[in-house]
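Q: Have a look at the structure that comes next, please.
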Amino acid sequence: EHSYIDVIDNAERNDDGAAARVVIELDFRAEFEMARGSSEYNQLVNRLPEVFVGKPDRLKEVIKAACSAGKRCMKEKKMHLGPWRRQKYMHAKWLGAHERIEPAGPFSAHLLEKQSKKKMSMLTFDLSRNLPNFAVVEVV
C-alpha cells in the first residue's frame, strides 16, 4: 500500500474542465533509489527532489526519465529490472486508479501521524488553512 497527498484545486480548472490536481509525495527520491545503481543513475536520482510537489503531467515526465535511466542501468549491468521499477508500475502508483480517504478535519492528524517527524514540514500543517479552495485527501 502506498500513500501520498493529492490536492484538488476547485478554483483552478484544467483544459478538460476538471479541477486541477497536485500530487505531493513526501519521500519521492527514495522511490527510485537502487542498491546496485550505476554512478550515472545514482547522480540522476540524487537530482530528484526529496519531496515532489507538482501536477500529474510533470510527474509523468519525471517518471519516464527516471524509469528509462533505471532500465538502461540494469541492462548495462545485465541485471533483471524488478516490475516495481518499471514505468507502468510507477505511473499506476501515483496516476492510476486509487482510493481517496477524506480527512476528518481541515487537515487530518491521521495523515500527519503516518509520517515520521523527519518528513514533516510546515507545508503539511498550513496547507488547508492557506489554500481554502483546495480539497486535501490521502490517496491509498
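The values are calculated or read from the model by the stated rules, or taken from the named source; none is laboratory data. Worth saying up front: this structure is predicted, and the values here are computed from it rather than measured. As a convention, Cβ positions derive from the backbone with ideal geometry for all residues, glycine included, and neighbour counts pool all protein chains shown.
Q: Residue pairs, Cβ under 6 Å, 6 or more apart or interchain, first in the stretch 30-56 and free of Cβ contacts under 8 Å to residues at least 12 places away in the same chain and over 15 Å from residue 75 (Cβ atoms), second part of a helix (DSSP H, G or I) and not hydrophobic (A, V, I, L, M, F, W, C). List them.
A: Note: no pairs meet the criteria.
Q: If I ask for residues that are touching a residue at least 40 places away in the same chain (Cβ under 8 Å) and surrounded by 14 or more Cβ atoms within 10 Å (Cβ to Cβ), which ones from the stretch 78-94 would you list? Step through it out loud before you land on a result.
A: First, pick out the residues of the stretch 78-94 that are touching a residue at least 40 places away in the same chain (Cβ under 8 Å): 79, 85, 90, 93-94.
Those that are touching a residue at least 40 places away in the same chain (Cβ under 8 Å) and surrounded by 14 or more Cβ atoms within 10 Å (Cβ to Cβ): 85, 90, 93, 94.
Q: Which strands (runs of 3 or more DSSP E) sit wholly inside the stretch 1-61 and have at least 3 residues that are of a type in the set (Val, Ile, Thr) and either out of contact with any strand residue (DSSP E or B) (no Cβ under 9 Å at 6 or more places or on another chain) or modelled with pLDDT of 85 or more (or both)? Before the answer, list the steps.
A: Working: elements: 4-13, 19-25, 52-54.
Where strands (runs of 3 or more DSSP E) fall fully within the stretch 1-61 and carry at least 3 residues being of a type in the set (Val, Ile, Thr) and either out of contact with any strand residue (DSSP E or B) (no Cβ under 9 Å at 6 or more places or on another chain) or modelled with pLDDT of 85 or more (or both), they are 19-25.
Q: Would you check which residues across the stretch 68-91 are part of a helix (DSSP H, G or I), over 19 Å from residue 26 (Cα atoms) and either among the acidic types (Asp, Glu) or in contact with a helix residue (DSSP H, G or I) (Cβ under 9 Å, 6 or more places away or on another chain) (or both) and list them? I'd like the intermediate steps shown before the answer.
A: Let us first name the residues in the stretch 68-91 that are part of a helix (DSSP H, G or I), namely 68-76, 83-85, 87-91.
From the residues that got through so far, the ones that are over 19 Å from residue 26 (Cα atoms) too are 68-76, 83, 87-88.
Result: 68, 69, 70, 71, 72, 73, 74, 76, 83, 87, 88.
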